[in-house]
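Since the structure comes first, as structure tokens, the remarks are kept for the end.
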Amino acid sequence: MALIWQPNEAAKRGWRSPRRWLLAGTAPVALALVILALCGPSGGDEPAATRPADVAGSGSGGLDLGQPPAPPGPPAAQPTAAAALSPVAAVPALAKSFTCQPVPGEFRGSWLHWEDYANPQAIARTVARASRAGLNALLPLANYPHQAMWRSRLLPTNPDVPAGFDPLRELAKAAHAAGIQVHPYLIMLHGGLTKHPCLRPEWFVVDRHGQRVNGWLNPAHPGVREFLCQIVAEVAATGVDGVSYDYIRHEYDTDYDYSEFTRRLFLAEKGFDPLALRSGVASGNGMRLLRTQYHQTEGRSLLAAQQAFLGQAGYRPALVEAENLAMLSRRTVLVAGNLYPGKVPPEQIARVLRFAREGGAVLILDGPVAVTDDATLADAVGLTGRTYADNVPMSLLAAAADHPVLAGVPASLALRVSGNLCQSAAGAQVLASFADGRPALAWKSYGEGTILSVNFHCYLGAAAESAAVQRLVANAVAWLGEKHGIVNTARTGLKPGSELVWDQWRVDQVTELVRRCSTAARAVKPDIVVSAAGGTRRTDLSEVRRDGRTWLARGYVNFLCPMAYNTDLGKFQKRIGDELAAVDDERLRGQIFGGIGAYKLEDNSQAVIDQVYAAREAGLKGVCLFAFENLTDAMVSRLGDGPFRQPATVPWRMAPSP
């Protein structure tokens, strides 16, 4: 969820941690088997004094890429790669499996804070209010701030819960009597929110500088996986209809995990240390990335994008200021981008041309459209005119397929092209062109040097993610270096596309955690419905390492609730439209329900109603409101008398698999 209720003072009271893996009393047979399968038969935690050192270590030292991973230490601190990815097939199949089949209906849910079901009186009020609003599902928060809202063998019970009372079980009984389903939601990887007493230091992620990030857990760590699978299995045994995952992702726009455990695991699987992608900027001779006056102001983000893209292509050049080009060795590949009229001062462009004329090699990463105002630049690069493309589908066609720059690149490459493009070649040798005739890649000798232009934004958007485009640029740098006898010390030793391998691997670890947790839940209750707070947009992959589309397609979850929280109806509609556009399968589209931020609309109940209708018009089969406590009397009345007036069942049924 975007917001989490802050605990009151009573909820902040301390609690002494129990023996975490010990089964006290008589557990349900299914739950006992799940825990044994996930954790093994051994008992509690070792004493703190005997625990192994933190697996993160210093975090700043490099691994010897020429050697296989070091032998693992004690299992709790240095799990082996095999242990980290041991198949969850060990969880026994206790009953016939079920499939989630679509049926007519509508999901009418609301996320619920723990105060709203902490005692019998709260449950009675909540169920009555949910019925009045026409809801058919409640998603109660079950493990925040760090206590369980069920009678757990792993976690302390919330201290505000009356002695002997089991909130989840009692909520499920009362809600079921009113025809309402219960799908508890669990905070998963955000350890800073849960603050569970059982969390170990080595379970938290580490940044590139070796510092532990205490707010977030490592989805690849076997200890994290075992712990969360047990939590999910316990909740599945409380008589609820489903379980829902929240914060099942990385933190927004962050870069981790570089703990020693993760680095060794990734090295064993992929053959290189991911910290090599972040090991700093090369300082030797051979290659530089130009920073112009434009890059120090509004073009700062474009320069950063060029650095990131070059890293994916296998190079990490140092920056050079335009004013210092006169002192730069001509035995250097100079990468220059964004040579735009009115943005880069003419004298800075003149310094680039002088560098090339006197024997330097220049690689231009997008259309040097300043040619329209600078005849000398037009002559130097051999290109003329100015056009623009905005994510336009184009085919890049090889014009000189045997040229080294095109080695390993398809003769016809489908791309989505953006950026400034020169219109035509006038003196340059075209190596590749677009199907409409505009040059895509062209080079020209200039004085004693060479200028090679990539005539589009190769470092942004979908083009930057293309392994073929990365190879193209890597080949271009290598060819310019060989042509001019340059020893390029900016090479990282990584293959083009290594950054994408690391990114995808991190996404895959979250997906694997989802798979394992869902398998554990279904082993306890085969007909349980599994869901997650999150969506399907492509940006989720890079921003939070979450792949909701894959979770749906593989059946790891049965539905998703993207949090389209917005006060503006148009922006709400755009968000749910983006979520649907990312999914081609109509069946999977029916498993996406829109999250409505009622907490932002407490003074505007009509806006909530409008968003419910907008979700229906977009084709969604349901909505979920955040949060129940923010539903004002006006909202409850208008929902119950308006869009939810006619009763509806949830739009699925769990049927035994054939």
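Relative to the compact-globule scaling 2.2 N^0.38 Å, provide the ratio for the alpha-carbon radius of gyration of region 199-262.
Normalised Cα radius of gyration, region 199-262: 1.28.
Could you size up the charge dipole of region 324-452 around its Cα centre, putting +1 on the beta carbon of Lys and Arg and -1 on that of Asp and Glu, and report it in debye to the nearest 20?
With only Lys, Arg, Asp and Glu charged at Cβ, the dipole is about 200 debye.
Taking region 337-472 as the region of interest, what is the percent of Cα-Cα pairs per 5 angstrom bin, listed from the shortest bin to the one with the maximum distance?
Histogram of Cα-Cα distances, whole percents per bin: 2, 11, 22, 25, 20, 13, 6, 1.
Enter the accessible area per residue of region 543-658 (Å², integer; probe 1.4 Å; all protein chains in place).
Accessible area per residue: 42 Å².
Based on the mean of other Cβ atoms within 10 Å per residue, sort peptides 440-447, 156-163 so the most packed one is first.
Ranking the peptides 440-447, 156-163 by packing returns 440-447, 156-163.
Within 12 Å, Cβ to Cβ, of Phe644, how many net charges do the neighbouring residues add up to if Lys/Arg are +1 and Asp/Glu are -1? Please list the in-between numbers first.
Values: positive: Arg108, Arg132, Arg616, Arg638, Arg645; negative: Glu106, Asp641.
Surrounding charge for Phe644 is +3.
Using the basic label-point model (7 angstrom from Cα toward the beta carbon), what is the Asn119 to Gln504 distance in nanometres?
5.5 nm
Quick check: with the 1.4 Å probe, what order do Lys495, Lys621 take by accessible area, largest first?
Lys495, Lys621
Hand me the trypsin sites (Lys or Arg not before Pro) from region 348-405 located in a DSSP loop with no more than 14 other Cβ atoms within 10 Å, in residue order please.
Taking region 348-405 and a limit of 14 other Cβ atoms within 10 Å, no loop trypsin sites (Lys or Arg not before Pro) are found.
What are the residues whose amide H is under 5 Å from the amide H of Thr157, where those residues sit 5 or more places off or on another chain and H is modelled from the backbone?
Those lying under 5 Å, H to H, from Thr157 are Ala148.
Near the amide H of Phe107, under 5 Å away, which other amide H atoms are found, from residues 5 or more places off or on another chain, if H is placed in the peptide plane?
Here the answer is Gly622, Val623, since their amide H atoms fall under 5 Å of that of Phe107.
For the pair Ala634 and Lys173, how long in nm is the line joining their label points, each one 7 Å along Cα→Cβ?
Taking the simple label geometry, Ala634 and Lys173 are separated by 3.8 nm.
How large is the translational diffusion coefficient of region 111-229 in µm² per second when you combine the Kirkwood radius over alpha carbon pairs with Stokes-Einstein at 20 °C and 1.002 mPa s?
Values: Rh = 15.5 Å.
In µm²/s, the coefficient is 138.
Name the long-range amide H neighbours of Val529: under 5 Å, sequence gap of 5 or more, or other chain; modelled H, no Pro or chain starts.
Gly242, Val243
In whole Hz, with x marking every Gly and Pro, tabulate ³J(HN,Hα) for region 354-364 from phi via Karplus 6.51 cos²θ - 1.76 cosθ + 1.60, θ = phi - 60°.
5, 4, 5, 4, 8, x, x, 10, 10, 10, 9
Taking the Cα centre of region 408-545 as origin and charging only Cβ (+1 Lys, Arg; -1 Asp, Glu), how large is the dipole, in debye to the nearest 20?
That gives a dipole near 260 debye.
Please arrange Asp373, Asp366, Asp379 by accessible surface area, largest first, computed with a 1.4 Å probe and ligands excluded. Don't skip to the end; give the middle numbers.
Values: Asp373 120, Asp366 0, Asp379 90 Å².
If we order Asp373, Asp366, Asp379 from most to least accessible, we get Asp373, Asp379, Asp366.
Given bins 10 angstrom wide, list per bin the percent of all Cα-Cα distances in region 170-317, short to long.
9, 26, 25, 19, 12, 6, 2, 0
Run the accessible area of region 451-552 with a 1.4 Å probe and give the carbon-and-sulfur part as a rounded percent.
Carbon and sulfur together cover 48 percent of it.
Using alpha-carbon pairs under 8 Å, 6+ residues apart, how would you state the relative contact order of region 142-254 in percent? Before the final figure, lay out each step's value.
Details: 159 pairs, mean separation 33.7, N = 113.
Relative contact order, region 142-254: 30 percent.
The values are calculated or read from the model by the stated rules, or taken from the named source; none is laboratory data. Keep in mind that this is a model prediction, so the values were computed, not measured. No Cβ is skipped: glycine too gets one built from the backbone with ideal geometry, and neighbour counts run over all protein chains shown. Each accessible area value is taken on the protein alone, full model and side chains, heavy atoms only, with ligands, DNA and RNA left out. Shrake-Rupley method; radii C 1.70, N 1.55, O 1.52, S 1.80 Å.
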